[in-house]
Amino acid sequence: MKTPRFRLLALFGLGLSLLPALAQPPAGFAPIPVQSIFRPLQAQGTADDALASGRVVAGTYGPAPRASKRWRIAFLFPHMKDPYWSGVAYGVISEARRLGVAADILPASGYDDLQGQLKKMDQVIAARYDAIVLSPISMTANNASIAKARAAGITVLELANDSRSDELDLKVTTSLRGMGLEATRWVIRDAQRRGLKSINLALLPGPMGAGWVKGEVDGTRIAAQEAAIEVNILDIRYGDSERGLQSELTARILARHGRRLDYLLGCTGCAPAALAPLKAAGLSDRVRVVAYDLTSDIAHLIRTKAIAAAADTRGVSQARVAINAAVNLLEGRGGERPHTILVKLGMVDQQNLASYPFDSSIAPEGYKAQLSYVPPKE
């Protein structure tokens, strides 16, 4: 007996695992709040373009049942140089173990290593993985390799970082513009609580050309325009999220703007890197640092009040959704397929620190990133 089409559509719209009615979902993570976005929508668009133009269904995504075979899934990360990607790796490997699938994480050496990522993409296509989950370095330069993988019959998903490819089977990310909006709206609320009538910001968003960086900056600009107080963006410095470079960029900002600054907003590798230059300049008490995303380092720095707050794209949750969605696609489960699944953003500061669900965002304390898992033969 076939499940009615409207029921399957509704279930996939809610991001669920699409189990038969008599089956019970397996033990695993708690259902993850998401927005599933369906076609028709803007061609060659970003996830935020999909959010604006597609049919959006709010719901949750839960754990898929164990896979029927030992599927091989490759994950291509930009790098493993900061705790954000360690958290994503934790979400991937822990779910690969539960699902009974093989997972290999192949990081490039950074956002300046596009050619390295493209080479790894060619390698996993040649190795005939069943699915590839790509966190692209570029909004457009990865598109040809995505099309090549699809032409070879390989399922391709996107994770966390965005692109403008129309060849993907599914995008799993968050509203990257929302990162900038949420972080900057927190800054504005904080400034209003302090009685400030105008504020000056500087941004360390990360490497120019990465989709999440454009989202951060666009969101900050929109929030600044909408603010009830005057918000001035004095400086934006782009660069790889490597800590040494970000410290240099911070020093240049401070040399130019110094005591005019009220807030500095930075990416996961950028915000912590700003702290030492601020201290050296005697500005730690004046300039409040806010992060566009959350890592274990940033969570610790919020606890110590070195960083005031952070938006949260919930990297562990994104990884869980991506690998479960890959298995569901490979198993042929589900009805109408979303174009994009957006994991709901969070925001953490001193007010909700004690109750915040960090397990949806960062790896457990002491976790050492594992880049491969092969299930035992049964």
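The values are calculated or read from the model by the stated rules, or taken from the named source; none is laboratory data. Everything numeric here is computed off the predicted structure, so don't read it as measured data. Cβ coordinates were reconstructed from backbone atoms using ideal geometry, including for glycine residues, and neighbour counts include every protein chain displayed. Only protein heavy atoms, including side chains, enter the accessible area calculation; ligands, DNA and RNA are left aside. Shrake-Rupley method; radii C 1.70, N 1.55, O 1.52, S 1.80 Å.
Excluding ligands, DNA and RNA, what is the solvent-accessible area per residue of the stretch 176-312 at a probe of 1.4 Å, expressed in Å²?
Numbers: 5420 Å² over 137 residues.
Ligands and nucleic acids excluded, the figure is 40 Å² per residue.
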- Task: Using amide H atoms built 1.01 Å from N in the peptide plane, name the residues 5+ places from ASP235, or on other chains, whose amide H lies under 5 Å from its own.
- Result: LEU203
- Carbon and sulfur: what percent of the stretch 176-312's accessible surface (1.4 Å probe)? 47
- Message: Order 326-337, 130-141, 34-45 from most to least packed using the mean count of other Cβ atoms within 10 Å.
- Response: 130-141, 326-337, 34-45
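Run the helix sum for the chain: -39,500 (n - 2.57) per DSSP H stretch of 4+ residues, divided by residue count, reported at 222 nm to the nearest 500 deg cm²/dmol.
Values: 12 runs with 139 residues, N = 378.
Theoretical 222 nm ellipticity from helices: -11500 deg cm²/dmol.
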- Item | Calculated mean projected area of the Cα convex hull in nm² (choose from (1) 16.8; (2) 17.9; (3) 18.9), label | (3)
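Could you check what % of the DSSP bridge pairs in the chain are antiparallel, to the nearest 5? Intermediate values should be presented prior to the final figure.
Working: 17 of 54 bridges.
Rounded to the nearest five, the antiparallel share is 30 percent.
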- Pick from GLY180, GLY244, GLY219: which is most flexible by mean-square fluctuation in a GNM of the chain where alpha carbon atoms under 10 Å apart are linked? GLY244
- Message: Give me a comma-separated list of calculated 3J(HN,Hα) values for the stretch 190-198, in order, Karplus coefficients 6.51, -1.76, 1.60 applied at θ = phi - 60°, integers in Hz, x for any Gly or Pro.
- Response: 4, 4, 5, 4, 7, x, 7, 9, 8
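Of the peptides 60-67, 287-294, 341-348, how do they stack up when ordered by the mean number of other Cβ atoms within 10 Å, highest first? Numbers along the way, then the final one.
Working: 60-67: 20.4, 287-294: 27.5, 341-348: 22.6.
Output ranking for 60-67, 287-294, 341-348: 287-294, 341-348, 60-67.
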- Item | HN-Hα J in Hz across the stretch 65-76 - Karplus 6.51, -1.76, 1.60, θ = phi - 60°, x for Gly and Pro | x, 4, 5, 7, 8, 7, 4, 9, 10, 9, 10, 9
- Ranked from the most accessible area to the least, with a 1.4 Å probe and all protein chains present, what is the order of THR340, THR155? THR155, THR340
- Would you give the gap between the C-alpha center of the stretch 219-282 and the C-alpha center of the stretch 284-331, rounded to a whole Å? 18
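In debye, nearest 20, what is the charge dipole magnitude of the stretch 176-312 about its Cα centre with +1 on Lys and Arg Cβ and -1 on Asp and Glu Cβ, if you could check? Walk me through the numbers on the way to the answer.
On the way: 19 positive and 15 negative charges, 108 e Å.
Charge dipole, the stretch 176-312, about its Cα centre: 520 debye, nearest 20.
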- Ordering of 315-324, 192-201 by burial proxy (mean other Cβ atoms within 10 Å per residue, highest first): 315-324, 192-201
- Item | Neighbourhood charge, 14 Å Cβ-Cβ cut-off, centred on ILE105 and excluding it, Lys, Arg +1 and Asp, Glu -1 | +3
